[in-house]
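Reading through the structure tokens given below for one structure.
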Amino acid sequence: MTREENFTHIGKPLLRKEDRRLLTGHGRFLDDVVLPGALHVCFVRAPHAHARIAAIDTSAAVDMSGVVGVFTGRDLAEWTTKLRLAPPIEGLQPVEMTTLPVDRVRFYGDPVACVVAEDRYAAEDAAEVVSVEYVALDCVTDTDAALADGAPLVDETLPSNLVSQQSFSSGNPAARRADAHAVVEARFNLHRHTHVPLETRGCAADWDAGRAHLTMHIGTQTPHPLRSQLASRLRLAENQVTVISPDVGGGFGQKIALYREELTVAALSRHLERPVHWREDRLENLTAASHARECHCRTRTAVDPEGRILGLELELMEDFGAYCFYPANYMARVVAMILTGPYRISDYAFEVKVALTNKCGNGPMRAPMAVTSWIMDGTIEAIARQLGLDPLDVRRINALTQDDLPYTMATGEVLEDITPLETLEAAASKIDVAAFRKRQAEARKQGRFLGLGFCSVVESTTYGSAFYKAAGIPGSGHEAAWVRIEPSGAVNASVGLMGTGQGYETPLAQAVAEGLGVPPDLVNVQMGHTDIAPYGMGSRGGRGATAGGGTLYLCARKAQERVLTIAACMLNLNEPTNLRLHDGQVERMLDGRWQCTGVALADVAKRAYLEPTSLPEGISPGLDVSLTYDPPPMTYSNATHACEVEVEIATGRVSIDRYVVTEDCGTVLNPVVVRGQQQGAVAMGLSGALFEQVIYDESGQNLTATLADYLVATACELPDFEIFPMNTPNRRTPAGIKGMSEGGVMGSIGSVALAVSDALAPFGVVVEQLPISPQSLRTALRGKRPETGEKERME
Amino acid sequence: MKETDYKVTLSLIVNGETRNVRVLPQRLLSDVLREDLGLTGTHVGCEHGVCGACTVLVDGAPARSCLTFAVQMEGHEITTVESVARDGELSPLQQALHEEHGLQCGFCTPGIVMTFEAYLKENPTPSTTEIRDVLSGNLCRCTGYQNIVAAILKAAATLREKGVE
């Protein structure tokens with residue numbers, strides 16, 4: 001793909017267009033959407049992890065003031081179809097779910113009934129008196145129990161709780177192990193998280209009985225795929241449903257799927273012929289929206305005496321919860337696929353298992369593959385520890401260099417235009433490792449324990465349609481856009497993405513401005529309305545910039561060609577060669593420099609719309625251009641994170657003293673927005689690694705149902721992040737864009753875990769389980785004393 | 001008795017104007033502001049007083065509107081985010097949050113604006129540590145806080161300059 005190296009608008013640090021409305025209280029979020037006469041719903045949720053629904057008595061609730069009706073799974077089963085997930089993926093069990101459970105609940109918080117009332121207070125009060133008779137059943141709350149012989153089945157239609165299992169081998173890792181100088185084993189257990197967008201889920205469904213049309217207001221990352229799902233589950237045609245996403249208060253992967261509550265609300269609006277509004281409360285969001293992560297991983301690595309990796313084997317077991325809104329291998333697959341990342345490893349095998357348990361179902365959360373970089377760099381650290389080598393040297397000896405690129409990973413993924421060794425060396429140099437080691441040694445003498453952790457990241461982004469095809473996942477990775485120059489010369493554009501706070505409006509306007517040749521403030525990018533935006537695949541998997549920005553950029557270039565064709569005619573030229581649109585003015589190359597022609601975009605637009613008889617032969621009236629674009633199967637960004645910590649031995653408190661990121665995410669549309677994404681991703685990773693944890697007790701009760709129990713990092717726990725951009729454009733994408741915003745989570749989880757292990761090396765403590773809470777560190781440290789006279793590490 | 005019989009008439013002073021509403025006594029201040037008065041800039045993030053998104057000023061001091069019944073507020077001055085920008089001009093704090101990219105999704109932002117509109121009056125020369133300490137009452141899931149802290153420092157400096165003028 002051809003690329004202009006010097007951009008006029010791409011890469012400029014413009015401030016965000018969204019800010020003004022959000023700062024002044026004029027943002028419009030879902031709960032700000034008021035539909036006249038709307039009813040409000042409240043869900044009745046299961047207090048058991050696993051139970052049979054024996055009876056539901058709604059009479060007391062129905063009699064309450066303001067209550068319109070109470071509905072159960074049987075009602076929804078009549079009005080909607082089941083979700084069936086059965087992609088042709090080897091080792092993946094097909095699953096089905098009804099819109100609401102009919103006879104059995106599978107986790108604490110499973111919705112069993114829905115109260116509809118005149119307002120939310122009445123609905124909540126009535127939900128209290130819906131009487132559900134349950135027969136409690138045995139439950140499984142971890143993967144060991146789930147896979148034990150005779151374990152109760154989470155999904156009775158399956159032969160076991162093992163819902164997915166895939167294995168892979170390239171080269172001959174077993175033979176490498178047999179011949180190796182040493183075999184190094186390491187474990188990595190990542191706990192259960194949840195997304196915690198500050199705005200919970202919610203929707204407002206508005207069925208127009210006269211037109212037989214549903215308008216669904218809902219904060220979503222993926223308006224068009226959600227519309228397809230809604231239409232199909234309600235047995236409506238896709239042109240009978242409009243999805244409108246207002247401003248969204250954070251998504252992080254939680255606002256992709258069509259959830260059961262949302263489908264219920266839509267079905268109720270149609271049934272009652274009234275608008276119906278639902279806003280999830282925080283308890284529901286923490287216990288019943290979507291969870292993420294929770295996997296147990298083990299690596300076995302064959303190495304030579306210098307720490308060179310000869311073969312690598314991964315075992316991964318994910319705890320998927322009770323329901324599959326995504327194919328159960330969806331997230332774990334990517335971890336296994338990109339594990340080797342920054343390193344040259346040709347002999348590689350994995351076995352990935354996914355088990356159902358009686359917990360809230362899993363979904364993708366910002367960096368579904370978050371654990372990857374911790375596993376890989378943690379494995380490197382384990383090698384260094386066992387062989388007595390400098391862990392940075394072990395990274396260096398295995399790192400991919402520019403000579404290795406393009407590099408086909410053992411799994412077949414192709415890496416190109418990445419810089420793993422360069423980001424590593426840059427991060428090491430920013431930190432000044434020798435100076436740190438000196439400080440660390442001094443501190444240890446005083447009984448203070450400092451640690452330094454490095455974590456290199458190769459981040460999969462964009463996910464083109466060829467990825468979906470190869471993975472067997474239904475869906476596509478292409479994107480669609482239109483650019484319309486209005487008769488006055490104002491520019492509207494649209495794309496199938498939907499932001500959830502990233503700040504798309506400015507960078508995407510920059511992509512359009514660059515392609516078209518106008519100032520970015522002239523461009524209005526409209527997103528989130530399925531009747532306005534073209535059918536696109538939405539926002540997920542770091543695809544916003546490459547798929548969304550790339551498509552808009554290409555579409556705008558096509559629009560510029562049209563403008564110039566008309567302009568050439570207006571200037572009495574035969575061809576538009578040697579013309580360009582710049583700053584909204586048509587310029588002509590004369591005597592080796594661009595010169596003004598006196599024709600502006602507005603003049604061309606006027607001609608196109610209002611004087612179509614004067615248009616050149618073969619040019620149709622108007623200036624409305626659309627385009628679809630399918631990006632490469634995958635683009636890769638890379639980074640190295642370095643984290644300095646101090647661990648207080650008496651309390652187990654971890655404080656972060658310094659945090660450095662060197663990141664290469666290709667051409668950047670807007671560095672202000674990109675930096676914000678980098679900071680936010682690192683923050684989310686650190687918050688997860690140190691504080692957040694969904695906890696279930698052995699009976700399957702969720703013990704972290706408030707924000708006082710599920711702890712999200714505050715401003716006091718997080719440091720300032722020092723971020724150093726290193727931008728190598730991707731050769732295959734428009735403008736060299738790569739995609740980013742998830743890698744920060746991958747790198748921060750790994751770097752902080754490895755930093756704490758480094759700090760605790762004198763105690764012989766290695767972090768194998770996250771979160772790194774004070775309690776877990778105290779447990780690990782209890783009764784241990786630091787080794788004295790420890791040999792200084794060689795630098 | 002019908003539910004409406006329990007309703008009480010309240011007179012609230014919101015953003016300097018007297019507003020009369022007739023509501024059930026259990027109605028939260030956050031819901032009255034948002035639903036009865038249409039001031040939807042105040043956001044509800046947790047309804048248990050942790051996230052800080054619903055922060056408004058009561059007699060000039062930050063308060064959680066999700067933990068306050070509207071009936072408690074008679075005779076008190078309530079200030080919401082809608083009143084902060086004057087004549088279309090952002091306050092120095094709002095302007096600094098814009099310039100420093102101190103917001104992303106913007107859901108937590110009104111709560112942060114209200115907290116620090118009050119705090120910067122109380123402490124015109126805050127240190128980074130003091131800012132982070134006060135900010136810890138507002139959760140932000142998007143930014144990692146760094147740019148919010150930078151914005152508040154900048155706003156404090158701007159306000160000091162304006163005070164000198």
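Assess whether A:R235 counts as being touching a residue at least 60 places away in the same chain (Cβ under 8 Å), over 23 Å from A:L30 (Cα atoms), charged (D, E, K, R) and assigned to a loop (DSSP other than H, G, I, E, B). Spelling it out, A:R235 is indeed touching a residue at least 60 places away in the same chain (Cβ under 8 Å), over 23 Å from A:L30 (Cα atoms), charged (D, E, K, R) and assigned to a loop (DSSP other than H, G, I, E, B). Within the set A:E294, A:E273, A:E261, the sole residue that is closer than 21 Å to A:Q693 by Cβ, acidic (D, E) and in contact with a strand residue (DSSP E or B) (Cβ under 7 Å, 6 or more places away or on another chain) turns out to be A:E294. Would you tally the residues in the stretch A:685-702 being open to solvent by 40 Å² or more (accessible area, probe 1.4 Å) and over 16 Å from A:S776 (Cβ atoms)? Residues meeting the conditions: 4. Exactly one residue out of A:Q229, A:Q221 is within 14 Å of chain B (Cβ to nearest Cβ) and open to solvent by 10 Å² or more (accessible area, probe 1.4 Å): that is A:Q221. Residue check: A:G27 meets all listed conditions (1) more than 14 Å from every other protein chain (Cβ to nearest Cβ); (2) assigned to a loop (DSSP other than H, G, I, E, B) but one, namely (1). Looking only at residues of the stretch A:703-717 that are open to solvent by less than 10 Å² (accessible area, probe 1.4 Å) and in contact with a strand residue (DSSP E or B) (Cβ under 9 Å, 6 or more places away or on another chain), we find that the one that is farthest from the other protein chains (Cβ to nearest Cβ) is A:T704. Give the number of residues within the stretch B:1-50 that are farther than 21 Å from B:L67 by Cβ and either at the interface with chain A (Cβ under 7 Å from one of its Cβ atoms) or of a type in the set (K, R) (or both). Total meeting the criteria: 4. Kindly evaluate A:L15 against the criterion of being open to solvent by less than 40 Å² (accessible area, probe 1.4 Å), within 14 Å of chain B (Cβ to nearest Cβ) and either of a type in the set (A, V, I, L, M) or closer than 17 Å to A:E124 by Cα (or both). No.
Picking from residues in the stretch A:733-747 that are in contact with a strand residue (DSSP E or B) (Cβ under 6 Å, 6 or more places away or on another chain) and among the small types (G, A, S), the one that is nearest to A:S373 (Cα to Cα) is A:G747. Among the residues in the stretch A:647-655, are any within 14 Å of chain B (Cβ to nearest Cβ) and at pLDDT 95 or above? Yes. Can you give me the number of residues within the stretch A:546-577 that are more than 21 Å from A:Y609 (Cα to Cα) and modelled with pLDDT of 95 or more? Going through the stretch A:546-577 one residue at a time, the tally reaches 9.
Is one or more of the residues making up the stretch A:58-78 outside any helix (DSSP H, G or I) and within 29 Å of the chain's Cα centre (by Cα)? No, the stretch A:58-78 has no match at all. Of all residues in the stretch A:658-671, at least one satisfies being part of a helix (DSSP H, G or I), open to solvent by 10 Å² or more (accessible area, probe 1.4 Å) and within 13 Å of chain B (Cβ to nearest Cβ). Inside the stretch A:192-216, residues that are more than 14 Å from every other protein chain (Cβ to nearest Cβ) and in contact with a strand residue (DSSP E or B) (Cβ under 6 Å, 6 or more places away or on another chain) make up a count of 8.
So, in the stretch A:443-460, how many residues would count as being surrounded by fewer than 20 Cβ atoms within 10 Å (Cβ to Cβ) and either aromatic (F, W, Y) or part of a helix (DSSP H, G or I) (or both)? Residues that pass the stated criteria total 3.
Only one of A:D63, A:D110, A:D31, A:D103 is surrounded by fewer than 18 Cβ atoms within 10 Å (Cβ to Cβ), touching a residue at least 40 places away in the same chain (Cβ under 8 Å) and acidic (D, E). Can you tell me which? Sole residue among the options that is surrounded by fewer than 18 Cβ atoms within 10 Å (Cβ to Cβ), touching a residue at least 40 places away in the same chain (Cβ under 8 Å) and acidic (D, E): A:D103. The residues in the stretch A:627-652 that are farther than 30 Å from A:Q679 by Cα and open to solvent by 70 Å² or more (accessible area, probe 1.4 Å) can be counted, and the count is 2.
A:V243 meets the conditions (1) in a loop (DSSP other than H, G, I, E, B); (2) within 30 Å of A:G676 (Cα to Cα) in every case but one. The failed one is (1). Among the residues of the stretch A:140-158, is there at least one that is open to solvent by 40 Å² or more (accessible area, probe 1.4 Å), farther than 26 Å from A:V694 by Cβ and assigned to a strand (DSSP E or B)? No, the stretch A:140-158 contains no residue that is open to solvent by 40 Å² or more (accessible area, probe 1.4 Å), farther than 26 Å from A:V694 by Cβ and assigned to a strand (DSSP E or B). Taken together, the criteria exclude A:A178 from residues that are part of a helix (DSSP H, G or I) and either under 20 Å from A:N329 (Cβ atoms) or within 30 Å of the chain's Cα centre (by Cα) (or both). Does the stretch A:264-272 contain any residue that is of a type in the set (V, I, T), buried (at least 22 other Cβ atoms within 10 Å of the Cβ), under 25 Å from A:R540 (Cα atoms) and assigned by TED's automatic domain parsing to the domain that holds A:A113? Scanning the stretch A:264-272, I find at least one residue that is of a type in the set (V, I, T), buried (at least 22 other Cβ atoms within 10 Å of the Cβ), under 25 Å from A:R540 (Cα atoms) and assigned by TED's automatic domain parsing to the domain that holds A:A113, so the answer is yes.
The values are calculated or read from the model by the stated rules, or taken from the named source; none is laboratory data. Small disclaimer: the values here were computed from a predicted structure and weren't measured. Every residue, glycine as well, gets a Cβ built from its backbone with ideal geometry; the counts of neighbours run over all protein chains shown. Remember, those area values only see protein heavy atoms, side chains included, never the ligands or the DNA or RNA. Shrake-Rupley method; radii C 1.70, N 1.55, O 1.52, S 1.80 Å.
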